[in-house]
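Take a look at the structure below.
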Amino acid sequence: MMKRFALVMALSLASSAYAEDIADVWKAKCKSCHGEDGKAQTKMGQKESIDDFSSPAWQKHESDEELREVITEGSSRNKKMKAYKDKLTPEQIDGLVRYIRTLKAK
Ligand code: HEC
């Protein structure tokens with residue numbers, strides 16, 4: 001009984017630490033172009049007309065699969081958006097897709 005409780009505690013601690021990690025990955029690897037809030041109000045964002053990830057219309061238009069594909073393989077439309085498959089794990093990429101969903105303007 002106690003053992004099971006300890007396991008559940010360990011798992012929930014691990015997942016909250018994980019959520020923080022993803023925000024850190026975004027800040028370290030994505031923010032410079034996409035902005036902390038995903039609105040792409042950065043030099044690169046303006047130059048390359050990067051989409052505003054907080055826009056509800058954009059959020060609706062892009063499926064999770066499409067986001068995952070661009071992050072994994074890079075954009076076929078714009079070389080500035082590089083492939084992250086060698087730099088991030090599939091779990092981190094999934095985490096980033098979920099993170100991008102949290103950027104949607106309320
Ligand atoms: C050097 C600048 C740069 C960095 C760093 C960068 N991106 Fe991008 N990203 C772009 C550009 C430019 C585009 C627009 C590509 C296009 O028009 O297809 C883009 C497009 C995207 C798209 C697709 C948007 C759409 O509308 O289809 C996603 C998702 C994305 N980036 C996620 C990320 C994530 C997650 C990271 C960090 C791991 C990241 N990007 C890091 C420049 C960058």
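Laboratory data are not the source of any read-out in this text; all were calculated from the coordinates shown. What you see is a predicted model; the values in this text were computed from it and never measured. Cβ: placed from backbone, ideal geometry, glycine included. Neighbour counts: every protein chain shown.
Quick check on the stretch 55-63. Is at least one of its residues more than 8 Å from the ligand (Cβ to nearest atom) and among the basic types (Lys, Arg)?
Yes: one or more hits.
So which residues in the stretch 64-93 are more than 8 Å from the ligand (Cβ to nearest atom), in a loop (DSSP other than H, G, I, E, B) and over 13 Å from the mean Cα position of the chain (by Cα), if there are any at all?
GLY74, LYS79, ALA83, LYS85, ASP86
Give me the pairs: first residue in the stretch 45-59 and part of a loop (DSSP other than H, G, I, E, B), second residue of a type in the set (Phe, Trp, Tyr) and near the ligand (Cβ under 7 Å from one of its atoms), beta-carbon distance under 7 Å, and six or more apart or on different chains, which are they?
From residues that are part of a loop (DSSP other than H, G, I, E, B), the pairs are ASP51/TRP58; ASP52/TRP58.
I need the full set of residues from the stretch 82-106 which are free of Cβ contacts under 8 Å to residues at least 40 places away in the same chain, within 21 Å of MET44 (Cα to Cα) and of a type outside the set (Val, Ile, Thr), in order please.
LYS82, ALA83 - these are the residues of the stretch 82-106 that are free of Cβ contacts under 8 Å to residues at least 40 places away in the same chain, within 21 Å of MET44 (Cα to Cα) and of a type outside the set (Val, Ile, Thr).
Return yes or no: is ASP37 near the ligand (Cβ under 10 Å from one of its atoms), under 16 Å from the mean Cα position of the chain (by Cα) and either under 13 Å from THR102 (Cα atoms) or surrounded by 16 or more Cβ atoms within 10 Å (Cβ to Cβ) (or both)?
Spelling it out, it is not the case that ASP37 is near the ligand (Cβ under 10 Å from one of its atoms), under 16 Å from the mean Cα position of the chain (by Cα) and either under 13 Å from THR102 (Cα atoms) or surrounded by 16 or more Cβ atoms within 10 Å (Cβ to Cβ) (or both).
Using beta carbons and a limit of 8 Å, which pairs, at least six apart or on different chains, have the first residue in the stretch 27-41 and on the phi > 0 side of the Ramachandran plot and the second one assigned to a helix (DSSP H, G or I)?
GLY35/GLY45; GLY38/ILE100; ALA40/CYS33; ALA40/HIS34; ALA40/GLN46
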